[in-house]
Amino acid sequence: MTLEQLKMLVKVAELGSLKAASEVLFKTQPAISQGIKQLESQLGLHLFSRQGYRLLLTDNGKQIYQQALRLLNEEEQIKQLASFLTAGNEASVTIAIEASYDLENILPVLEKTQNEFPHTQIILKQEYINGALEAVKSKQADLALTTIDNLALQSGQYDANMLYQGNLCNVASPKLLDRHPQLNSVVELKDEYQIVVQDSGQSSQGVNYSVQTGQRCWYVNDFSTKKTLIMSGIGWGRLPDYMVRDEIQAKSLVAVSLDDFDTRIALNYQAIKMKARMLGPVANKLWEKMSMLENN
């Protein structure tokens, strides 16, 4: 069985005659007749009823016809993909995203890229603290959406475009705060559990950010788990403001104001790539679209 035979089957089924199919396929009627007969012989099935003036599919033929359509469609997709890759477009692009980044901000860019480059897979890797920047540096990601300190920026290794400013908000549940009616210092929370997201980067493993000496901690590897634990009253900690906005309004979480611990920490999220690394066409188009977000 060949794809050419399946094309003959489809055209004869759709046009109802060998003559019409021959004109579309640019083949002689005997060649198409022979191709259909060979296909029937190979499958051990009668695909067409030849009793009338018009060739009609048998019940078995109708099922084979549907499968033939699927295979021919896949053949066309393979040709399109090969053409796409031959043009130098990437099979996949990886974006490392700091987990506190609000993905809603980048969805329009991802949607446009999907529509423009349907054959390229977009891989989103969620990272924590230094993980996204390290993923770009180690070539595990093409682009990063994360924060970056001035020292790293001034190193000259990175190109960066500002995306937006977000905040990490220090929150606790009313249940926990009921245990501290006069709370005004972080020291008073030392025996409560601070819920801390672990850094997915390697350069700062074992370093705890914004954790006081002697603080009891629970460690998690995602913000969803952290939020659940904080809302339960088990502990307290910082969460991205967009994740807790509704809960603060509903008073199921409270923004904790302390004299010696910031209620909010501002974070500047940027699109980042390595200067020394050439991007492929799709990644470069993504970078251009992200750069435009800075001006909106």
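Computed quantities for the displayed model
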read-out: Some residue of region 275-296 being surrounded by fewer than 20 Cβ atoms within 10 Å (Cβ to Cβ), under 21 Å from the mean Cα position of the chain (by Cα), without any contact (Cβ under 8 Å) to a residue 40 or more places away in the chain and under 20 Å from G166 (Cβ atoms); value: yes
read-out: Yes/no for T228 being at pLDDT 95 or above and farther than 18 Å from D259 by Cα; value: yes
read-out: Selected residue (only one of L6, L72 is out of contact with any Phe, Trp or Tyr (no Cβ under 8 Å at 6 or more places or on another chain), on the phi < 0 side of the Ramachandran plot and crowded, with 19+ Cβ neighbours inside 10 Å); value: L6
read-out: Scope region 35-52; condition part of a helix (DSSP H, G or I) and either touching a residue at least 12 places away in the same chain (Cβ under 8 Å) or not assigned by TED's automatic domain parsing to the domain that holds Q66 (or both); matching residues; value: G35, I36, Q38, L39, Q42, L43
read-out: Breaking point among (1) within 20 Å of V282 (Cβ to Cβ); (2) in contact (Cβ under 8 Å) with a residue 60 or more places away in the chain; (3) surrounded by fewer than 19 Cβ atoms within 10 Å (Cβ to Cβ), for N167; value: (1)
read-out: Residue within region 18-34 that is outside the structural domain of E127 (by TED's automatic domain parsing), touching a residue at least 40 places away in the same chain (Cβ under 8 Å) and in a loop (DSSP other than H, G, I, E, B) present; value: no
read-out: Residues of region 237-264 that turn out to be surrounded by fewer than 16 Cβ atoms within 10 Å (Cβ to Cβ) and of a type in the set (A, V, I, L, M), as a count; value: 4
read-out: Total residues in region 103-145, condition crowded, with 17+ Cβ neighbours inside 10 Å and either in a loop (DSSP other than H, G, I, E, B) or touching a Pro at 6+ places or on another chain (Cβ under 7 Å) (or both); value: 8
read-out: Complete set of residues in region 148-168 that are part of a strand (DSSP E or B) and either over 26 Å from the mean Cα position of the chain (by Cα) or of a type outside the set (A, V, I, L, M, F, W, C) (or both); value: Y158, D159, N161, Y164, Q165, G166, N167
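The values are calculated or read from the model by the stated rules, or taken from the named source; none is laboratory data. Computed from a prediction, not measured in an experiment: that's the story for all the values here. Neighbour counts are summed over all protein chains in view; Cβ atoms, including those assigned to glycine, are modelled from backbone coordinates with ideal geometry.
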